[in-house]
Amino acid sequence: MRRIRDLLVSGAVLLLGRLARPRESRGRIVAEAPANPRAELVVAALLGAASACAAGFIVVYALDPRTRWLGLAIGLAFAFIAAALLVSGHELVVVEELEEDYPAQEHLVDQQRVEQLLEEPSAQLTRRRLLKLGLAGAGSTLGLALLTPVLSLGQFLETNVYLGTPWRRGRRLVDENGRPWRAGDIAERDFYTAFPEGANDEELGSPLILVRLPKGDLRLPPKLRGYDAGGIVAYSKICTHAGCAIAMYRTPLFHDAPRPALVCPCHYSTFDPATGGTVLFGPAGRPLPMLPIEIDARGDLRAKGNFDGPVGPAWWGVRLWKANP
Ligand code: FES
């Protein structure tokens, strides 16, 4: 306890002494390094060039995130910083050699002397500030440049812009020519592509796969009951692995063949249309989103709402998804 108290008192005395004593009153112990304005200017210019290159990276990324100029900009930023550190290390850092023994630190006077050894003289403050400013500028712009690609990971807070689809209750299913699909058009053992009537076919959430299964073969989970229209089921055409279009339909041609399945040609993810698009095989990590459909009085197929889950390749934000009404 006594030792701790002594240390605290010593620290307080040292601090008060530093505050009370004007810097000018301390005599120099280490000889002042000769001014080298040319080297300082070179270092400041190199750090400024590094900042400009890092800022250039951000601008280029905003204009075209897939250009090779990105690599050049960030590479030059690092090269300029390395050059600035080399020049300052070689030309500006004071090197001092002391031959006397290092004094014991518990003596206040000696401690003050050691502190002075580590301090730059007041005449060099301007130079230090200049270099600090340059380093801070280069470091912050470089940090921003390195963080910029995070924007490509997707929107962080408002994900509905990616997750909304054109499908709404009552919207008709049409073919690529805008002709409404009728329930009678959909035969077993075949598959059809459908789009939302009057909406943009190019949207990720637009294209559907339609297949008809024998009503008794459907084994939809409770949350998807009522999603089919007399055995016709509708799924997003976009594979949940990496976003390719589902373009194959495997139908059994003999008695004990595997049951019908929707197959993605890219990496062969295979989905079961009878059980809500569950994954039977392949790298896809979640089922195909299913669209609830119904047959209207004229026999046309219409949506009863939006998909039961997010459309397209999996990414972290899918968990934030909420279905449109
Ligand atoms: S994109 Fe469909 S399996 Fe990979």
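The values are calculated or read from the model by the stated rules, or taken from the named source; none is laboratory data. Remember, predicted model here, so these are calculated numbers, not experimental data. Reconstructed Cβ throughout: ideal geometry from the backbone, glycine too, with neighbour counts over all protein chains shown. Keep in mind that these areas ignore ligands, DNA and RNA; they rest on the heavy atoms of the full protein, side chains included. Shrake-Rupley method; radii C 1.70, N 1.55, O 1.52, S 1.80 Å.
Screening LEU262 with (1) within 16 Å of the ligand (Cβ to nearest atom); (2) part of a loop (DSSP other than H, G, I, E, B); (3) more than 30 Å from the chain's Cα centre (by Cα) gives one miss only, at (2).
Do you know which residues across the range 265-295 are in contact (Cβ under 8 Å) with a residue 60 or more places away in the chain and not hydrophobic (A, V, I, L, M, F, W, C)? If the condition is that a residue be in contact (Cβ under 8 Å) with a residue 60 or more places away in the chain and not hydrophobic (A, V, I, L, M, F, W, C), then PRO273, PRO292, GLU294 are the ones that fit. For ARG189, work out the one condition from (1) open to solvent by 40 Å² or more (accessible area, probe 1.4 Å); (2) out of contact with any Pro (no Cβ under 7 Å at 6 or more places or on another chain); (3) modelled with pLDDT of 95 or more it doesn't fulfil. Single failed check for ARG189: (3).
Take CYS244 and decide whether it is within 16 Å of the ligand (Cβ to nearest atom) and modelled with pLDDT of 95 or more. No; evaluated as a whole, the condition is false for this residue. Would it be correct to say that LEU41 is at pLDDT below 85 and loosely packed, with under 15 Cβ neighbours inside 10 Å? So LEU41 fails the test. The number of residues in the range 231-261 being open to solvent by less than 10 Å² (accessible area, probe 1.4 Å) and touching a Ser or Thr at 6+ places or on another chain (Cβ under 7 Å) comes to 2.
Count of the range 265-288 residues, restricted to those that are touching an Asp or Glu at 6+ places or on another chain (Cβ under 6 Å) and either hydroxyl-bearing (Ser, Thr, Tyr) or more than 13 Å from the ligand (Cβ to nearest atom) (or both), is 2.
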